[in-house]
Amino acid sequence: MDIRAQASMVFHLDKCIGCHTCSLACKNIWTDRKGAEYMWWNNVETKPGTGYPTLWEDQDKYRGGWDVVNEGGQLRPKLKLQGRFGALANIFYNPYLPSVDDYYEPWTYDYANLLDAPESDDQPTARAVSQITGKYIDTIEAGPNWDDDLGGSTIYAANDPNLAGLSEEERAELAEIQRVAFFYLPRICNHCLNAGCVAACPAGAIYKRGEDGIVLISQEKCRGWRMCISGCPYKKVYYNWHTGKSEKCILCYPRVESGQPPACFHSCVGRIRYFGVLLYDADRITEAISVPNQNLVEAHRSIIQDPFDPAIIRAARDRGISDAMIDAAQKSPVYKFVKLWKLGLPLHAEFRTLPMLFYVPPMLPVLARVTREGRYEVAGAADNSLAPLLSSLDKARVPIRYMANLFAAGNEEIVAEVYRKLIAVRLYNRAQQVGDVSADEMQRALETGRTTAEEAAAIFRLTSRPTYQERFVIPPIHREEAIAQTIDPYKERSETGFGLTEAPSRRW
Amino acid sequence: MLDTVLFVVFPYVAVALAVAVGLLRYYKDRFSFSSQSSEFLEKRELFWGSVPWHYGVVIILIAHLLAFLFPGLWGALVADPIRLYTLEIIGLALALLTIVGMVMLIARRIQRPRVFSVTTTLDWVLLVTLLAQVVLGFWVALMFRWGSDWYIRTAVPWLRSLVLLQPDIRFITALPWIVKLHMLGGFVLVALFPFTRLVHIFTVPVTYLWRPYQVVIWNRRPGPSGRRS
Ligand code: HEM
Ligand code: SF4
Ligand code: SF4
């Protein structure tokens, strides 16, 4: 057993309002630079949709993450991008690299013209100017969130890879204008346990920090071989076309090290984000991804360890994990959502990178359904009983199949379990607060949701009324000790505290 | 006199520059070590440029190096006419590849505004020098046949004399000027190396062949059992 601590996250999708505040908080701090304009370390996409970069989930196109091969009955993970020799053979040209057109050409506007234009009969305009070439762009053809709120859905939403397995009728229903349904999917780097970006990097420049599991790219070791961009199935590594280096979400480690949550967490308007540490068994990583797709979520859960178990605590201490870190693991909201309540699911477990950002799937667009006749069928509205809520899953507005493709590697039962529990929590609260659910009905809901009144109350509390301290349990990183080991404190004292002391731009 | 400056003084200056500036750059500005890939900005033409260019130039360079390091073995290899012809044909084909590749790369940088905008003056100098060098090499191979044979009796002893710090240019003074230009070009590139993206050659990631897939870095030792993984 090799217990390690991992900074982990939960996003509660029912609470995301799609405001993009998180994206802008991140952009203003980290990627408002030349070469990084197009990078959205945090982005929020509309689902159904093709996301950012376009069709990132299509691994036949981009070859991110891991495959499993069957070797004499034993499943073995294999990097989907290429083998080790393949990496060297393809190094002069990476066939699977997304290009700027799969994102968009970053632009600004010629604002100066509004002030400086000579007098004329027409109003001056601010034309779009490419931030790469400095030339005017006549027609902007793509941009961040080009398909926000289903814009251009006949092109974007209709080609969502997660629609695989849905019947023609289901697809048509989803796209029909009066019955349309969508939700938001905010994404950052998942700081995976079996990261595809790390594995694909020929230079070995990408690494996981042992203490907290944050995945970083050493800007000094990166040589611009640009394999990581393909290796990450979530397309959360971006290539800086100006510096010739790859960059990615750093989980705001300078903030985390000083006890603050990452900026996107802090600024989240819907308060959908939870941050905390998980303990996991690093010896079982390979085992956890060497299972068939439908078992992946279970296997992922199983390597996350109980921070209250004395044996685990002992093993953790043995591996140098501090008591303060174990304490943080015990208070972690992520532990509750993911392991205790089994509500948090990994995004696209079938990519097999063991992502450590978990999602509580959204219920809102799922439960109410619009019938063929255009009637809005909120489950339970027809009669005075709310019972139909429980049976309405199979006629969900966004088919369970779709959610399963996103959050359970296709295993519909896993998603249905989550929904049954979420519904139970709702019925329980309805009974408490409105009082129109009979005790019987509530009891049945709790049983179907495999939960208890206490648990439902706790889920409600952490979902709807958590304090700041409950949402964000920042693990103690002991930065002081860490630095003392690597840098002479007297030297550190006179530095900025950040790694780079020179501007990240091309000098040679 | 000119020969001494070009083929004794200049090579030493070039190598000194390459080593000194190269090391300085490595230790003072490691951030600048990058292939400066532009594939993100343009893919299709890069394929037709970069792939022929690299496969051509890497193999040719290795051949130059092998003949220099093991002239005896190389001599035995080309002693047989069949092997000599095969080698020369392969060499010519590879040289052609590099020319096609480099022409593509340069044309691409001129024509594609996105790539043009990330090209520095030194990039242009380097690309043009490289093109000149491979064209010269091709010309020499075509016009002065059996270079794989006479190379080990002219350039190799001269280069060895430079390495042994007993410079002796007699081996090459009588060569045609075009051959000498190709030799000079080699050292111009050595001199350019530390100032340009050519530094990427020295960071070829061979360790990828055996390193573990996952990289974990600890600040402190992770406990008494001491395993660092
Ligand atoms: C095995 C060793 C080498 C490796 C792994 C390597 C790799 C690379 C890579 C990844 C690029 C960037 C391509 C892109 O834009 O995506 C590049 C560009 C380049 N390489 Fe190499 N290279 C090697 C050897 C060489 C050699 C020996 C030379 C010349 C003597 C060379 C000259 C160049 C030049 C001039 C470019 C810029 C091409 C352009 O974009 O216009 N490389 N190399
Ligand atoms: S999500 Fe993050 S850690 Fe995982 S493969 Fe992508 S960049 Fe790497
Ligand atoms: S800030 Fe929060 S609510 Fe707004 S889009 Fe981002 S994740 Fe959603």
Vicinal HN-Hα couplings computed from phi for segment A:219-231 (Karplus, 6.51 cos²θ - 1.76 cosθ + 1.60; Hz; Gly/Pro x): 5, 7, 8, 4, 10, x, 7, 6, 8, 4, 4, 6, x
Sorted by Cβ neighbour density within 10 Å, fewest at the top, the residues A:300, A:242: A:242, A:300
Rounded to whole Hz, the Karplus (6.51, -1.76, 1.60) HN-Hα couplings of segment A:100-117, x for glycine and proline: 3, 6, 6, 9, 5, 7, x, 9, 10, 10, 7, 4, 4, 4, 5, 9, 8, 4
Computed over segment A:142-259: relative contact order in percent, which uses C-alpha pairs under 8 Å that are six or more apart: 18 percent
Principal-axis tilt of helix B:177-192 within chain B, Cα atoms, nearest 10 degrees: 20 degrees
Evaluated at q = 0.15 Å⁻¹: base-10 log I(q)/I(0), Debye formula over Cα of segment B:2-209: -1.08
Three-way shape call for segment A:75-209 based on the alpha-carbon gyration tensor, with the a/c threshold at 1.5: oblate
Three principal axis lengths of segment B:101-227 [C-alpha, angstrom, descending]: 70, 46, 24
Cα gyration tensor, segment A:229-314 - rounded (a/c under 1.5), prolate or oblate: oblate
Among A:20, A:305, A:192 the positive-end extreme of the charge dipole of chain A (Cβ point charges): A:305
Built amide H within the under 5 Å cut-off of residue A:8, gap 5+: A:276, A:277, A:278
Among A:458, B:52, B:1 the positive-end extreme of the charge dipole of the protein assembly as shown (Cβ point charges): B:1
Rounded to the nearest 20 debye, dipole of chain B from Cβ charges on Lys, Arg, Asp, Glu: 1020 debye
Furthest towards positive pole of dipole, A:117, A:96, A:136, structure part segment A:93-138, Cβ charges: A:96
Centre separation in Å (Cα based) which lies between segment A:322-356 and segment B:175-190: 63 Å
Tensor-based shape of chain A (alpha-carbon gyration tensor, a/c under 1.5 rounded, otherwise prolate or oblate): oblate
Note, ³J(HN,Hα) from phi for segment A:238-250, Karplus 6.51, -1.76, 1.60, rounded to Hz, x at Gly and Pro: 10, 9, 7, 6, 8, 8, x, 10, 8, 9, 8, 3, 10
Dipole in debye (nearest 20) - the protein assembly as shown, about Cα centre, beta carbon charges: Lys, Arg +1; Asp, Glu -1: 2080 debye
Nonlocal amide H pairs with residue A:345, under 5 Å, H built at 1.01 Å: A:359, A:360
√(5λ) per eigenvalue of the Cα gyration tensor, segment A:161-304, largest first, Å: 30, 21, 20
Amide H partners (placed H, <5 Å) of residue A:354, local residues excluded: A:194
Summed residue charge, Cβ within 15 Å of residue A:148's Cβ, Lys/Arg positive, Asp/Glu negative: -2
Principal-axis tilt of helix B:10-28 within chain B, Cα atoms, nearest 10 degrees: 0 degrees
Rounded to 5, the percent of DSSP beta bridges in the protein assembly as shown classed as antiparallel: 85 percent
Chain B: angle of helix B:121-143 to the longest principal axis, Cα-based, in degrees nearest 10: 40 degrees
Expected 222 nm ellipticity per residue - DSSP helices of 4 or more, -39500 (n - 2.57), all of chain B, to 500: -21000 deg cm²/dmol
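Taken together, the values in this text are just the output of simple stated rules run on the coordinates, not laboratory data. Owing to the predicted nature of the structure, the values given are computational and were not obtained by experimental measurement. Reconstructed Cβ throughout: ideal geometry from the backbone, glycine too, with neighbour counts over all protein chains shown.
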